[in-house]
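For reference, the structure is listed below as C-alpha cells.
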Amino acid sequence: MSLNTAKVKTRTVFGIVCSLARMAFGIQWIMQGGFKITAHFNIAGLFPSIAGNTDSPHWYKSFIETTAVPYPQLYNILIPWGELLVGIGLVLGLLTLPALLAGFFMDINYVLSDMVYIYPTQLAIGMLLILFRKDTLYWSLDRLADFLKSRKVTSPNV
C-alpha cells in the first residue's frame, strides 16, 4: 500500500468517525429537546436558581433578568425547539456549522446559568466538532448539496 493510499484510508476512517460523532451528538440534542417539549418545559422555574446562585457572573444574571424574565413564554418555545432543531441538523448533516454554533451558544448559556449537567462535556464535544467540521461532513446532506452544486447540469436546447 502506498503512502498516498494509506493517507486517503486514514482520512476516510477519520471522516466516518467524525460523522458518527456528529450524529450521536445530534441524537443527544434531539433527546434533550424532545424531553423538554413533551414535559412542557417552563423556564420560569429556573429564574430564581439563576438569580440565587453564586457561580453565575453578575453580568449574565443581569442579562437574564432583562431579556428572559420579561418573556418566559418566548424562551419556553425557543429553548426546547432550538435544541430539537440543532439535533436534527446535526443528525442529518444539514446546515451543520450553524447547528454546531447554535448548540455551542446554548451550551455556553447553560454553563453560565450554572446548569452543570452534561453541558461542559457537550461544550467540549461541540468545540471539537467545530474544529473538525470538514471531517464531520463526510456523511451529510451538506456534502451531498455541495456535490450536486458542483456538477454542471446542462439542459437541452429546446
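Taken together, the values in this text are just the output of simple stated rules run on the coordinates, not laboratory data. Given the structure is predicted, the values throughout are model-derived calculations rather than measurements. We place every Cβ from the backbone using ideal geometry, glycine too, and count neighbours over all the protein chains shown.
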7 Å from Cα along Cα→Cβ at both E65 and D114: what's the point-to-point distance in nm? 1.5 nm
Table column - 3J(HN,Hα) (Hz), the range 73-90, Karplus curve with 6.51, -1.76, 1.60, x for Gly and Pro: 5, 5, 6, 5, 8, 4, 5, x, 6, x, 4, 4, 5, 4, x, 4, x, 6
Please report how far the C-alpha centroid of the range 97-141 lies from that of the range 54-73, rounded to the nearest whole angstrom. 22 Å
Could you rank the peptides 98-110, 81-93, 28-40 by their average count of other C-beta atoms within 10 Å per residue, with the highest value first? 81-93, 98-110, 28-40
Give, rounded to the nearest 20 debye, the magnitude of the charge dipole that the chain has about its Cα centre when Lys and Arg contribute +1 at Cβ and Asp and Glu contribute -1 at Cβ. 940 debye
Can you give the FRET efficiency for T38 and V13, using 1/(1 + (r/R0)^6), R0 = 35 Å, r = Cβ-Cβ distance, to the nearest 0.05? 0.40
Contact order normalised by residue count of the chain, Cα under 8 Å, 6+ apart, percent: 34 percent
Distance between modelled label sites at S150 and A51, nm, 7 Å Cα→Cβ extension: 5.4 nm
Using all alpha carbons of the range 57-105, what is the percent of pairwise distances in each 10 Å bin, ordered from the shortest bin to the longest? 25, 38, 28, 9
Computed, not fitted: 222 nm per-residue ellipticity of the chain from DSSP H runs ≥ 4 (each -39500 (n - 2.57)), nearest 500, equal to -24000 deg cm²/dmol
Under the Karplus curve 6.51 cos²θ - 1.76 cosθ + 1.60, θ = phi - 60°, whole-Hz ³J(HN,Hα) for the range 129-134, x wherever Gly or Pro sits: 5, 5, 5, 9, 4, 5
Ratio Rg/Rh [Cα only; Rh per Kirkwood] for the range 9-139: 1.03
Rank-order 10-22, 56-68 by packing density, defined as the average count of other C-beta atoms within 10 Å over each peptide's residues, highest first. 10-22, 56-68
On a straight-distance basis, which aspartates and glutamates could pair with K134 in a cross-link, Cα separation under 13 angstrom, same-chain partners fewer than 8 positions away excluded? D142, D146
Report the full-extension gain for the segment L20 to L74: residue separation times 0.36 nm, less the Cα-Cα distance, to one decimal in nm. 16.2 nm
